[in-house]
Amino acid sequence: MSVTEQSVASEVSNRRVRVIALMMGVIGLFSLVVFAFGSVSSAHSSFLFNPVNLSESAPWHVGTLTLNSRLADVLLALVMIALAAETFIRRPARGVMWRFGGVAVLFLLALLIWAARSPGPSPVSFVNLTALLIGSSEVTMVLVFGSLSGVMCERSGVVNIAIEGQFIGGAFVGSMLASTTHNFIYAAIGGAVVGGAIGWILAFFALRYLSDQIIVGVVLVTMLGSLSSYLNLQVFTPFPQYNTGTLAPNLAIPLLSKIPVVGPVLFNQSGFFYLMLILIGVISFALFKTRYGLHVRAVGEHPRAAATVGINVVRVRYVNVVLGGAIAGVGGVAFMASQGQFQPNYTSGLGYIALAAMIFGRWRPSGAVVASVIFGLSVYLSYTLTSYQVPVSLYVLQMFPYLITIAVVAGLIGRVRAPAADGVAYHHD
Amino acid sequence: MRLELRGITKRFGSFTANDRIDLTVEPGQIHSLLGENGAGKTTLMNVLFGLLHPDEGEILIDGEPVRFANSGDAVRRGIGMVHQHFMLVPVFSVTENVVLGFEPTKSLDRVDYKRATADIVRLSQQFNLQVDPDATVENLPVGLQQRVEILKALSRDAELLILDEPTAVLTPQETDALMAIMRSLAAAGKSILFITHKLKEVRAVADVITVIRDGRVVGSAEPTATESELASLMVGRDVELTVEKSAFSPGESVFEIRDLVVRDDRGLVKVNGVSLDVRAGEIMALAGVQGNGQTELVEAIAGMRHVESGTILLNGRDVTNRTPREVLDAGLGHIPEDRQRDGLVMSMSVADNLVLNTPRRAPFARRGTRNLAAVHDNAVRLAHDFDIRTTSVEEPVSSLSGGNQQKVIVARELSRPLEFLMASQPTRGLDVGSIEYVHRQVVNHRNQGNAALIVSSELDEVLALGDRIAVMFDGRISGIVEPTASREAIGLLMAGTTGAADE
C-alpha cells in the first residue's frame, strides 16, 4: 500500500470515527434532554445491590443508594458527551468500539435512573441493580453461546444463521432429558448433539451441494420452529412429565460469590454459566494461538490458499460448523434451564441478536462477549421495565441491539471486516 | 534437484492439453517454458505440482519415478510453486503466511511463532529476500508479496521452484529484482522452472528455453535466439511484432479530462487529479502497474463510476457523471478491461452481443420491437469482416475462445460511428495472433483520423501503439513521454519517480 493510499485510508476511518463520535454525542444529548430534564428536580432514584434473598444482617450486605435523578442523569449525560468529544477531537486509532460500548452502558443506566425515579421524598420503586445484572446475565449467557457459535462457523467461512434453530432444538431436547434424567449434564450433551446435527445439515448442504448458506439456515430455523411447536403439542402437552424441566441449580463459588454486587452475578451461577466462561477462553486460545486456529482463519479468509498448502478446506468447515452448532445447542439448553421448561418459539429471535453481537464484536470471542453483555442488558431491560413508569413503548428498547448492529455493519464504527470468504461456497477443483 | 518429465500426456475429454511432453531441468538451471496462453503450460505445471494426474508419462526426480497424489506430495519431494495469483492470506502476517500448513508447534497445538520468525529471518538473509516477518501481507507492495511466496516455497525446502507468469504484476524494476533473485537462487543450486510468454524476460534470464504450442513441445532454443525467432516458434508462423502506423499528424483535441477525482468501492481516492487530452489521429497510451487507478479512471470515463470532481469532455461536450448509455451515444467506443464481466453477456448469442449497445436503434429495433433479421444479418457481416470464428452467430458467446470473444467486442465498438475509442487491457490473455489483429484494428482506427486511449500494463503494447505515453502511478499521471523514451525511463515513472518527466 502506497503512502497516499494509507493516508487516504486513515482519512476515511477518521471520518468514520467522527460519525461515531457524533452518534455518541447525540445519545448523550438525548439522555440530557429526555432523562435528566425529564425528571423533576426533586425526583429520587433508589438502587439496591443485594441478591433478593440476602439477609440484611449478612456482613456483605450493601446498603441502599439513593440518588437525585436529575443530578445523576446530568452527570451521566456529561460523561457521555465528554467521551464523544474526546473521540471526536483525538480520533483514537484503537478503542473506539470500547468507548461506544461504554456510552451504550451509560445510556442504559441513565434510562434506568429515569425510569425508576420517584417524584416524592419517599421511594416508590427500587431498582435492584444486582438482581438486574443477574437477570440479564441469563440473556447474556444465551447470546454468548450463540455468538461463539457464530464465531466458530464464520471464521471458517460458513454463515450460521441457524443459531436460532439450534437454540430451539437444544432447548427442546434439553428439557426432555432434564425432566427424565434430572441431570443437566445429560441435557447439555443432548443439546450439543442436536445442535451439532443441525450444524451438520447446514454444512452438508453448504459444502456438498454448495447451496446458499443463508437460505439453508433460514429454512432450518423455520423448520425447527414449526417442528418444535408440533412436537410440543404431540409430546409435551399430553405428557407434561417430559417437560417439567427445572431450573439448573446455582453453584456458588466460596468467597468469590460474596463479593458485593459483582460476586452474585459472576460467581453464583449455574454450571452453564461457568461452562460459558471456560468456552470463551478456550475458543479465544484455539482460534488465535494454535495451529488449528490458524488453519480455520486461513480457510475463512482464502480457502484456495489454504488448500494449496494441504489444508482440507471442506473438513475444517465441517468440523467448525458442527462444533459451532453444538455450542449453540448447549446455549439452547442453558436458556431452557434458566426458564424452567420448554415453550415453543420462546427464544424469540435471540439467535439473530447473537449473530448481531458477533458482528459488533468483530468476529472475535472477546468482542462478542462485550456485545452480548450490552445487548443482553438492553433485551432484559425491555422485558422488565414495564414495572416502571416509562411513557415510551418498550419495543423501542428491543430495537437497540439491531440499531447498534446496523451502525456497525454500515461501517460507522471502526473498520469491521468479515472473514473474506465468509458465506462463499468453495469449489474444489 | 534434477527433474525429468517423460511423455507427459493429459487429456480433458477429447481435448489433449499436454501431448507427450518431455522436459528436463538440471540442478541450478533456470529453465524457461515459453508458450502462448492456452498452449498447455498451466496444465503441465498442475500435473507437476500434483494438482492434476497425467494420463500417460512419468515424472522423475533425480532419476527416481515419483507419483504425486496431491500438492502436499509434490511439496514433500522438494517442489515449490509461486502461483500467478498469489496464494497468500491478505490479513495474515508474513510469518503466518509462510508457516501456514507447515507450522512448528509447541505444547497444546500452539504455533511456535518465535521459531518460525527466526527461520524466516535466516532464509531471507541466506537468499537476500528482505521482508519484515511481522508485516501484514495486504500492506506490502506486490513485489514483496511475491518474495513472501518465494520464501514460503523455500521454507519447505523446495529444490525446484515453479514460477508461473511471475512478472505479470510487476514494474520493470521489480521484474529486474526478481530476475536477480532467480539468478542467486540458481547459483545456490536451486532449479527454476520459469513459465512465461514474455520474450524479453526469457532471453534475459533463462539458461534453456523450451517452447510449447498446442500442448506439444515444438522446440527448444538458446537464450541467444532473437525475439522474432522465439515468437515464430511460439506461434508457429512468422509474426509481425511491430505495427505499421502512418505518419503522426494529430488534429484537434477530441477528448479531454481535467482534474478528475474518483474513489473506489471502499471510498479510497484512486484517481487523484488526473488531466489528459487526446487529439484526433492520436493514440494516447496509458501505462502503469495494475491497481494504480487505471481501472477507476476508465470506469469513470465510461459512466460506470461516480466522478467526485473534475470534468470529462468528449468533443467539447461535458459527459461527466452521465450514464453509460449517454456516454456511448456521445460517441465513445469502449473495450472494457474485464470483457466477460463488462463487455459481453456470456449466455447470449454472438449476434445479440454484437448489438448490445445499439439494441434500440434502427434497423435493430422498430417501434419497440426487435428486428431479429437485421440483428442476424449484422452479425453475419461483422463476423466476416472481423474474422470472428464461430460455427454460427446464434451460438452463445461463451462458446468462443478468448480471442474471438474480444473480436466480438472490437467488432461491435468499431462498426459504429465513433468519436473516441477507449480500450482497457485490450489484449490481456490473448494469443499472439489475436493481439496482432486487435493492434491492427486500433491503429486503423487511428490512421483514419480518430482518437484512442489505450490503457495497458504491458509495456510492449504501450510502446508499440502509443503516439504519446502517459504513465499513471498512485492515482496521478507521473509523466507523459514520447514513444521513443527508454523502457527504464518509463519504468521509473511506473514506480512513481516523477523527476525524469518534469524536465
Let a ≥ b ≥ c be the square roots of the eigenvalues of the Cα gyration tensor of the stretch A:132-383; is it rounded (a/c under 1.5), or, if not, prolate (a/b larger than b/c) or oblate? oblate
Does anyone have the angle between helix B:402-414 and the longest principal axis of chain B? Alpha-carbon axes, 0 to 90°, nearest 10? 20 degrees
Per residue and in cubic angstrom, what volume does the convex hull of the Cα atoms of the stretch A:178-308 have? 173 Å³
What ³J(HN,Hα) values, in whole Hz, does the Karplus curve 6.51 cos²θ - 1.76 cosθ + 1.60 give for the stretch B:147-152 when θ = phi - 60°, with x put for Gly and Pro? 4, 4, 4, 5, 4, 4
Label 7 Å along Cα→Cβ of B:R6; the stretch B:47-91 residues with amide nitrogen under 12 Å? B:57-66
Fewest-first sequence of B:E482, A:E138, B:E488, B:E436 by Cβ atoms within 10 Å of each Cβ: B:E482, B:E488, B:E436, A:E138
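Between A:T246 and A:A58, 0.36 nm times their residue separation minus their Cα-Cα distance comes to what? Spell out each step's value before the answer.
Values: separation 188, 0.36 × 188 = 67.68 nm, distance 2.84 nm.
The A:T246-A:A58 span can extend by a further 64.8 nm.
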Enumerate the calculated ³J(HN,Hα) couplings along the stretch A:235-249 in order (Karplus 6.51 cos²θ - 1.76 cosθ + 1.60, θ = phi - 60°), each rounded to whole Hz, writing x wherever the residue is Gly or Pro. 10, 6, 5, x, 10, x, 5, 7, 10, 6, x, 6, 6, 5, x
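As a test of the definition: which semi-axes, in Å, follow for chain B when you take the square root of five times each eigenvalue of its alpha carbon gyration tensor? Largest first, please. Display every interim value, and only then the final one.
Details: eigenvalues 349, 158, 98 Å².
Computed over chain B, the values are 42, 28, 22 Å.
Pairs of Cα atoms under 8 Å, at least six residues apart: use those to get the relative contact order of the stretch A:132-383, whole percent.
Values: 465 pairs, mean separation 107.5, N = 252.
Once divided by the residue count of the stretch A:132-383, the mean separation gives 43 percent.
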Mean separation of Cα contacts under 8 Å (6+ apart) over length of the stretch B:253-502, as relative contact order %: 27 percent
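Would you tell me the mean number of C-beta atoms belonging to other protein chains that fall within 10 Å of each C-beta in A:297-309, as a whole number? Could you put the intermediate results ahead of the total?
Numbers: counts 5, 8, 1, 2, 5, 9, 1, 3, 12, 4, 5, 12, 11.
So the per-residue partner count for this stretch is 6.
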Alpha carbon centre of the stretch B:41-67 versus the stretch B:352-381: separation in Å? 50 Å
J(HN,Hα) series, the stretch B:430-441, from Karplus relation 6.51 cos²θ - 1.76 cosθ + 1.60, nearest Hz, glycine and proline x: 9, 6, 4, x, 5, 4, 3, 5, 4, 4, 5, 5
Rounded to the nearest 20 debye, dipole of the stretch A:132-383 from Cβ charges on Lys, Arg, Asp, Glu: 700 debye
When chain A is modelled as a GNM with alpha-carbon springs shorter than 10 Å, which of A:I201, A:I215, A:I353 fluctuates the most? A:I215
Work out the charge dipole of chain A with +1 on the Cβ of Lys and Arg and -1 on the Cβ of Asp and Glu about the Cα centre, then indicate which of A:T384, A:A171, A:F204 is farthest towards its positive end. A:F204
Mind checking which of B:I150, B:P172, A:M336 is farthest towards the positive end of the protein assembly as shown's charge dipole, using Cβ charges of +1 (Lys, Arg) and -1 (Asp, Glu) about the Cα centre? A:M336
Whole-percent pair-distance distribution, where bins are 20 Å wide, for the alpha carbons of the protein assembly as shown: 12, 34, 33, 17, 4, 0
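Of all GluC sites (Glu not before Pro) in the stretch B:211-287, which ones are in loop regions per DSSP and have a Cβ with at most 11 other Cβ atoms within 10 Å?
On the way: sites: B:E227, B:E229, B:E240, B:E244, B:E252, B:E256, B:E282; in loops: B:E240, B:E244, B:E252, B:E282.
Sparse-neighbourhood loop GluC sites (Glu not before Pro): B:E244, B:E252.
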Regarding the stretch A:68-129, what's the average projected area of the Cα-atom convex hull, expressed in nm²? 4.5 nm²
How many nm separate the modelled label positions at B:Q173 and A:V396, each set 7 Å beyond the Cα in the direction of the Cβ? 6.0 nm
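Treating only the Cβ atoms of Lys and Arg (+1) and Asp and Glu (-1) as charged, compute the dipole magnitude of the stretch B:239-349 about its Cα centre; round to the nearest 20 debye.
Numbers: 12 positive and 18 negative charges, 38 e Å.
Here the stretch B:239-349 has a charge dipole of around 180 debye.
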Could you give the distance between the Cα centres of the stretch A:174-208 and the stretch B:145-200, to the whole Å? 52 Å
Residue-averaged beta-carbon neighbours from other chains (10 angstrom radius) around B:83-95: 4
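Rounded to the nearest 20 debye, what is the charge dipole size of the protein assembly as shown about its Cα centre when +1 sits on each Lys and Arg Cβ and -1 on each Asp and Glu Cβ? Write down the numbers at each step before the final one.
Values: 75 positive and 82 negative charges, 603 e Å.
Computed charge dipole of the protein assembly as shown: roughly 2900 debye.
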The rounded separation in angstrom of the Cα centers of the stretch B:285-310 and the stretch B:433-459 is 19 Å
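Evaluate E = 1/(1 + (r/R0)^6) for B:T391 and A:R208, where r is the Cβ-Cβ distance and R0 equals 30 Å; express this FRET efficiency to the nearest 0.05. List each step's numbers first, then the result.
Numbers: r = 37 Å, r/R0 = 1.22.
In this case the efficiency is close to 0.25.
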What order, most packed first, do the peptides A:258-264, A:169-175, B:332-338 have when packing is the mean number of other Cβ atoms within 10 Å of each residue? A:169-175, B:332-338, A:258-264
Mind giving me the nanometre distance, one decimal, between the label points for B:M348 and A:V235, set 7 Å out from Cα along Cα→Cβ? 5.5 nm
Residues whose modelled amide H sits under 5 Å from the amide H of A:T66, counting only those 5 or more places away in sequence or on another chain, are A:F47
Taking all pairs of different Cα atoms in the stretch A:3-124, averaging 1/r and flipping that mean, what Kirkwood radius in angstroms comes out? 16.3 Å
State the answer as a single residue: which of A:L112, A:L71, A:A93 lies farthest towards the positive end of the charge dipole of the stretch A:3-124, with beta carbon charges of +1 for Lys and Arg and -1 for Asp and Glu, about the Cα centre. A:A93
At 222 nm, what value in deg cm²/dmol follows for the protein assembly as shown if DSSP H runs of at least 4 each add -39500 (n - 2.57) and the sum is divided by all its residues, to the nearest 500? -14500 deg cm²/dmol
Quick P(r) readout (the stretch B:355-503; Cα-Cα; 5 Å bins; whole %) gives 2, 8, 16, 16, 16, 13, 10, 7, 6, 4, 2, 0
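For the stretch A:241-362, would you read off the P(r) tail past 19 Å as a percentage of all alpha carbon pairs?
Within the stretch A:241-362, distances greater than 19 Å cover 63 percent of Cα pairs.
Relative contact order for chain B: what is it in percent, counting Cα pairs under 8 Å that are at least 6 residues apart? Walk me through the numbers before you get to the answer.
Details: 1016 pairs, mean separation 73.6, N = 503.
Averaging sequence separation for qualifying contacts and normalising by length gives 15 percent for chain B.
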Can you list residues whose amide H is under 5 Å from B:R216's amide H, if they're 5+ apart or on another chain and H is modeled 1.01 Å from N? B:D19
What order do you get for A:331-344, A:78-91, B:446-459, A:298-311 when each peptide is scored by the mean count of other beta carbon atoms within 10 Å, highest first? A:331-344, A:298-311, B:446-459, A:78-91
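All of the numbers you see were taken from the coordinates with simple rules; none came from a lab. Keep in mind the model is a prediction, meaning the values are calculated, not measured. Note that each Cβ is placed from the backbone with ideal geometry, even for glycine, and that neighbours are counted across all protein chains shown.
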